[in-house]
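**Q** So that we are looking at the same thing, I have put the structure below in structure tokens.
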Amino acid sequence: MKWNLRLAAANRGIWKASELQRSLADHGLVISAGKMSGLWSGKPVSLKLDDLDVICAVLGCGIEELLIPEASKVARPGTQTAPSATAVNAGPVVVPRRRDGRSLPPE
């Protein structure tokens, strides 16, 4: 899913995160500056459904304007996916060892 808050707000004449933050507070949703930054930047860590209701009410929009599906990112059954960059660059493999010097059982 793509988070589209900034464009939805801009379509309603709200150009700054602080403007939206004040409007949300007027409707009972007080958001910290850090969380507002995440919402505004397009990469929210988490979002409660109740908060989403307030955001939709303040902007006068539906959920479909805030959350846009990205079907191209969904893996299809039977297709191989390339390993992610984090898995490739994860670093050396960690091998567990016993503290008492004995070897581990075979796999």
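The values are calculated or read from the model by the stated rules, or taken from the named source; none is laboratory data. No experiment lies behind these values; they were computed from the predicted model shown. Virtual Cβ from ideal backbone geometry, glycine too; neighbours counted across all protein chains shown. Areas reflect the complete protein model, heavy atoms only, side chains present, ligands, DNA and RNA absent. Shrake-Rupley method; radii C 1.70, N 1.55, O 1.52, S 1.80 Å.
**Q** For region 35-43, state whether one or more residues are modelled with pLDDT under 80 and surrounded by 10 or more Cβ atoms within 10 Å (Cβ to Cβ).
**A** Checked against the condition, which is being modelled with pLDDT under 80 and surrounded by 10 or more Cβ atoms within 10 Å (Cβ to Cβ), region 35-43 yields no hits at all.
**Q** Go through region 1-43 and count every residue that is free of Cβ contacts under 8 Å to residues at least 60 places away in the same chain and not in a helix (DSSP H, G or I).
**A** Qualifying residue count for the region: 14.
**Q** Could you list, in sequence order, the residues of region 44-59 that are open to solvent by less than 60 Å² (accessible area, probe 1.4 Å) and outside any helix (DSSP H, G or I)?
**A** Correct list: PRO44, LEU47.
**Q** Now for a separate question. For region 53-82, give me each residue that is in contact with a Leu (Cβ under 7 Å, 6 or more places away or on another chain) and either more than 15 Å from LEU7 (Cα to Cα) or among the aromatic types (Phe, Trp, Tyr) (or both).
**A** Within region 53-82, just VAL54 meets the criteria.
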